[in-house]
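First the structure, in the form of structure tokens, and then the observations on it.
Nothing in this text is a laboratory measurement; each read-out follows from the coordinates by a stated rule. A quick note: this is a predicted structure, and the numbers were derived from the prediction, not measured. Heads up, the Cβs are rebuilt from the backbone with ideal geometry, glycines too, and the neighbour counts pull from every protein chain shown.
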Amino acid sequence: MKRRNFIVLSALTAAAVSTPFLKCTNSDPALDKKLAIPQTLSQLLDETNIKDIGKKYGALYPNEYSLRTLEKQLAKNDEGKPFSSSTPETDIYTFLEKNISKDFETSNTVTLNGWILSLTEARQCALFSLMPQTK
Amino acid sequence: MHIDARELNANSVIEGDLCIIGAGAAGISIALEWIGSPFKIILLEGGGFDYDDRVQELYSGETTGQRYYPLKSARLHYFGGTTGHWAGFCSIFDEIDFEKRDWIPHSGWPINRKDLDPYYVRAHKNLELGPYEYDWKYWQKYDAELKPMMKDESVVWNKIWQFSPPTQFGTKYRDTIVKAKNIHLYTYANVTDISANENVSAVNHVTVKNYTGKQHTVKAKHFVLACCSIQNARILLASNQQASKGLGNDNDNVGRYFMEHLEIKSGELWLTKPDPLKLYSLNYGTTKARCELAITKDQQEKNKILNGTSSLTPLLVAKKMKPMIDIWNTDDPHKNLQNLFSEFGGAIEAGKSATGDSLSKSYELFTRIEQAPNPDSRVTLDSEKDSLGMPRGTLHWVLTPLEKHSIRKIYELIGQQVGRTGIGRVRMMEYLRDEQDETWPEFTGGGWHHMGTTRMSDDPKNGVVDANCKVHGIANLHVAGSSCYVTAAAPNPTLTLVALSLRLSDRIKMLI
């Protein structure tokens, strides 16, 4: 894959967060950018595949399929307090990876396009598919 | 000694102590056990020492139900049987395979793994396998590079397969059998009928024929039917002069519960870092042991699934291989074998030309799984007869939704465990993704592993043979081979059928 492409895309996403294109949502684009990259999966799949998985997730769980909802589900730390865009990227990644591992351990998984994914990373894909630059 | 039954005077009467019908892995293994004993052993083989198409043709038959290989080429009909072209894959059944599992109808053997363990050890010798060691840690002592993907084996564990050279019984044991004074091997001696006494409580004699038109009679104290699953059932069903439904078939079990291993590509493993996964790799001809991914007993119980395993092949190589069901599709076993080698050749070339880490980044996951015992999956007699006047066998192979549910669940579990380790992700093939879809793709195939048809049970209503492989109600008729299996487990059947045959041999020694 195209992890390289994916990283470039992530950088573009970061550059774009300052622009006010997210109408009618209360989501935090800078935070979403940190949340929306499934670390392991992005080493295996390109952005098109990840977006496609995200859309599949959205079709399965339409009630969750919004930036705000997905952000809320993903950006809660152990105490239930939400992360913010100022939370260091590495802290968020570490936290998400821990959740992903826990998902696999507890069979909290979902099968999308045949991939057996943790619920957390499936939501990351969904969030990624909703981000304006990737739609 | 060897006698060609074509050369005997017509209507000869042959007498001995033990008559073994069929000289494949089961029959030869039993015969070897009796060398040097004071007993006269008659070993009957339908073919000769080499392939003969007129003999092979006797195995032709129609198949219905699930797509299957042509019956004529699915087994070999000469001395040594199908070991003449087997691949040598061997592993032992798990304890759970013998148990009654309430989610699998008709499961549960009247014996358990401990009953077979000492015979597995002996069978290892016949099949020229390594030490009776099925823990991967044993093999790691000799090769530190054999590392498991998952150290926690509470859900997915690493089941060892060992590899026979492969031992071709026809080559390996021919001289031993022929030189043994008390073993009387008759080639071109096809059993076409088993005749019982008046009240059908014991076998009196069997009739053998060959294509010269000659017919002979064989009498013995004990008889062992050691043909393959299809032929064992066919002979019993066709022996219907005294018992209208066939010998041993008072309860309509003969021929039923035919089982195969479903062998089918099922998914892909993608790794974030290339890894040759040596513990799971097979270098044919040099690998002594390798692992397949297996599901623990607890998880089988919890998820109510069949026992199956998953083997790994570099995806680049696997993608070059057509499904076996599309390769092995003619009546000619030699042509099929050439097709197979040709496919292997292409795949090996793909492997050799792979660059960098491309071979060790992604793997095909290939399932080998038991099918649920199913009375509707069965061997019956056709109205058409073969050239010896015997009704042809027909096969109706039937699967159930449990097989597909089990494969899907196996990959969910493997996918979860792979995800947990963080080494990569697993992707299921398309045909497994819709939980409501119970159909099978065109490339669904078997492993040429014929099992069931004379299943074992303590209760004559539920089986053909008892726990000692004696046919219920017939004092001196025994069955050897995988036709006695109650369930199929995941491993290739040869090791277990040899073990079971050795156990039967010991039993007959107590009776004779």
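Assuming R0 = 25 Å, what is the FRET efficiency of B:Asp506 and B:Ala475, from their Cβ-Cβ distance, to the nearest 0.05?
Efficiency, from the Cβ-Cβ distance: 0.90.
Can you give me the C-alpha center-to-center distance between region B:185-247 and region B:306-331, rounded to a whole angstrom?
Going from one Cα centre to the other spans 37 Å.
Based on the mean of other Cβ atoms within 10 Å per residue, sort peptides B:146-153, B:97-104, B:45-52 so the most packed one is first.
Going from most to least packed, we get B:45-52, B:97-104, B:146-153.
For peptide A:31-40, compute the average count of partner chain beta-carbon atoms within 10 Å of each residue's beta-carbon.
Counting other chains' Cβ atoms within 10 Å and averaging over A:31-40 gives 1.
Distance from the Cα centre of region B:352-401 to that of region B:66-143, in angstrom?
16 Å
What is region B:41-139 by shape, rounded, prolate or oblate, if you read a ≥ b ≥ c off the alpha carbon gyration tensor as root eigenvalues and call it rounded for a/c under 1.5, prolate for a/b larger than b/c, and oblate otherwise?
Oblate, because a/c is 1.5 or more while a/b does not exceed b/c.
Compare the peptides B:172-179, A:104-111 by average per-residue count of other Cβ atoms within 10 angstrom and give them in order, highest first. Walk me through the numbers on the way to the answer.
Working: B:172-179: 16.1, A:104-111: 17.9.
Averaged packing, sorted descending, gives the order A:104-111, B:172-179.
Quick check on packing: order B:443-451, A:88-96 by the mean number of other C-beta atoms within 10 Å, highest mean leading.
Going by the mean number of other Cβ atoms within 10 Å, highest first, we get B:443-451, A:88-96.
So which trypsin sites (Lys or Arg not before Pro) in region B:450-512 end up in coil per DSSP with only 12 or fewer other C-beta atoms within 10 Å?
Here the sparse-neighbourhood loop sites are B:Lys461.
In region B:171-187, whose amide N lies under 18 Å from the spot 7 Å out along Cα-to-Cβ of B:Met1? List them in ranges.
B:175-187
Given a Förster radius of 22 Å and the C-beta distance between B:Glu438 and B:Asn303 as r, what FRET efficiency does 1/(1 + (r/R0)^6) yield to the nearest 0.05? It would help to have the intermediate numbers written out before the result.
Values: r = 17 Å, r/R0 = 0.79.
After rounding, the FRET efficiency stands at 0.80.
Within a 10 angstrom radius of each residue's Cβ in B:427-434, how many Cβ atoms of other chains show up on average? Whole number is fine.
Counting Cβ atoms of other protein chains within 10 Å of each residue's Cβ and averaging gives 3.
How high is the relative contact order of chain B, given as a whole-number percent (alpha carbon pairs under 8 Å, six or more residues apart)?
For chain B, the relative contact order is 24 percent.
Quick one: dipole size for region B:121-234, taken about the Cα centre, charges +1 on Lys/Arg Cβ and -1 on Asp/Glu Cβ, in debye to the nearest 20.
With Lys and Arg at +1 and Asp and Glu at -1, about 500 debye.
Expressed as a whole number of Å, what is the distance separating the alpha-carbon centroids of region A:88-135 and region B:408-482?
35 Å
Which helices of chain B meet both criteria: a Cα extent of 18 Å or more along the helical axis and a mean Kyte-Doolittle score no lower than 0.5, with helices taken as whole DSSP H segments?
B:494-511
Can you bin the protein assembly as shown into rounded, prolate or oblate? Criterion: square roots of the alpha carbon gyration tensor eigenvalues sorted a ≥ b ≥ c, rounded for a/c under 1.5, prolate for a/b above b/c, oblate for the rest.
Prolate is the answer for the protein assembly as shown, as a/c is 1.5 or above and a/b outweighs b/c.
Based solely on its DSSP helices, what 222 nm [θ] is calculated for chain B when runs of n ≥ 4 H residues each add -39,500 (n - 2.57) and the sum is averaged over all residues, nearest 500 deg cm²/dmol?
Estimated from H runs of four or more residues: -7500 deg cm²/dmol.
Taking region B:418-449, which GluC sites (Glu not before Pro) meet the DSSP loop condition and have no more than 16 other C-beta atoms within 10 Å?
B:Glu435, B:Glu438, B:Glu442
Dipole size in debye (nearest 20) for chain B around its Cα centre, Lys and Arg Cβ +1, Asp and Glu Cβ -1?
The calculated dipole for chain B is roughly 820 debye.
Just tell me how shielded B:413-425 is by partners: mean number of partner chain Cβ atoms within 10 Å of each residue's Cβ, no decimals.
Mean shielding by partner chains, rounded to a whole number: 6.
Extending each Cα 7 Å along its Cβ direction at B:Asp152 and B:Ser201, get the distance between those two points in nm, one decimal.
Taking the simple label geometry, B:Asp152 and B:Ser201 are separated by 6.1 nm.
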